[in-house]
Amino acid sequence: DAVCTAARRAGERVLVAVEEAERRGVGARTRLALQAACDDAVEVLSHVRSAIELLQRASASEPLPVSIDDLLHELDGEVGGEPVDLYVEGDIGVMVAVQPRVATALLVGALGRVRGATAARAFRARVTTPSDGRVRVELDALAEPIAGRTPLSIPVRTSAAYDEVVLGLAAASLAAPLGFEPGRAHIDLLRG
């Protein structure tokens, strides 16, 4: 419902801008308002499409053994958003059992939520392997880049209102508890 509502509202804003341009004529103000409404709708609908694709993948996912390193290097495949720097440390060669596209979307979504709460532009992904058969990926916002280290550049979207629900469903499909604290997130993936 939240995804459909977001798409509907974006479409309604475009229609209002079109009607206003028809009523007042296409001058500088109405053209700029129409252009802004269309640009916003493109961004919103792209985000909605990504959420729907994620939910479809999550509902039909079959886990595969994938290394954390491979997952983290796939994060740059997401479309849209502003890049953030991600510094990776820990046991990145460990294998996890995930549907890769769902796991990468979950990681990007967690980064987006932490970024939205902190406005950070640099993050650390710390990978640990507790003894409970899980692999924990902790995402911490950093005040500044880590000197002397080369980060991954990851495009991260601004979170939408429905993202928390979508992320929760994706995490449940992976049996991967997802938690948030101020300035950080963690995901507990099944070891592959």
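Looking only at the range 142-162, filter to residues that are part of a strand (DSSP E or B) and open to solvent by 30 Å² or more (accessible area, probe 1.4 Å); which one of those is farthest from D40 (Cα to Cα)?
Checked the range 142-162; the qualifying residue farthest from D40 (Cα to Cα) is L152.
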State which residue pairs qualify: first residue closer than 23 Å to S46 by Cβ and inside the range 64-89, second residue among the basic types (K, R) and at pLDDT 80 or above in any location, beta carbons under 6 Å apart, and separation of 6 or more residues or different chains. V84/R121
Looking at (1) in contact with an Asp or Glu (Cβ under 9 Å, 6 or more places away or on another chain); (2) within 20 Å of S67 (Cβ to Cβ), which one does Y162 not meet, given that it meets all the others? (2)
Where in the range 4-122 are there helices (runs of 4 or more DSSP H), lying wholly inside it, with at least 1 residues that are open to solvent by 90 Å² or more (accessible area, probe 1.4 Å) and over 30 Å from H186 (Cβ atoms)? 28-59
The range 101-134: number of residues that are in contact (Cβ under 8 Å) with a residue 60 or more places away in the chain and among the charged types (D, E, K, R): 1
Looking at (1) within 19 Å of L55 (Cα to Cα); (2) in contact (Cβ under 8 Å) with a residue 40 or more places away in the chain, which is the one condition that is false for G168? (2)
Just need a number here: residues in the range 75-133 that are farther than 17 Å from R157 by Cβ, in contact with a helix residue (DSSP H, G or I) (Cβ under 7 Å, 6 or more places away or on another chain) and at pLDDT 85 or above. 7
Restricting to the range 174-192, count the residues that are touching a Leu at 6+ places or on another chain (Cβ under 9 Å) and open to solvent by 30 Å² or more (accessible area, probe 1.4 Å). 6
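The values are calculated or read from the model by the stated rules, or taken from the named source; none is laboratory data. For clarity, every value in this text was computed on a predicted model and none was experimentally measured. Here Cβ is always computed from backbone atoms with ideal geometry, including for glycine, and neighbour counts include all displayed protein chains. Accessible surface is based on the protein model in full, side chains and every heavy atom, while ligands, DNA and RNA are left aside. Shrake-Rupley method; radii C 1.70, N 1.55, O 1.52, S 1.80 Å.
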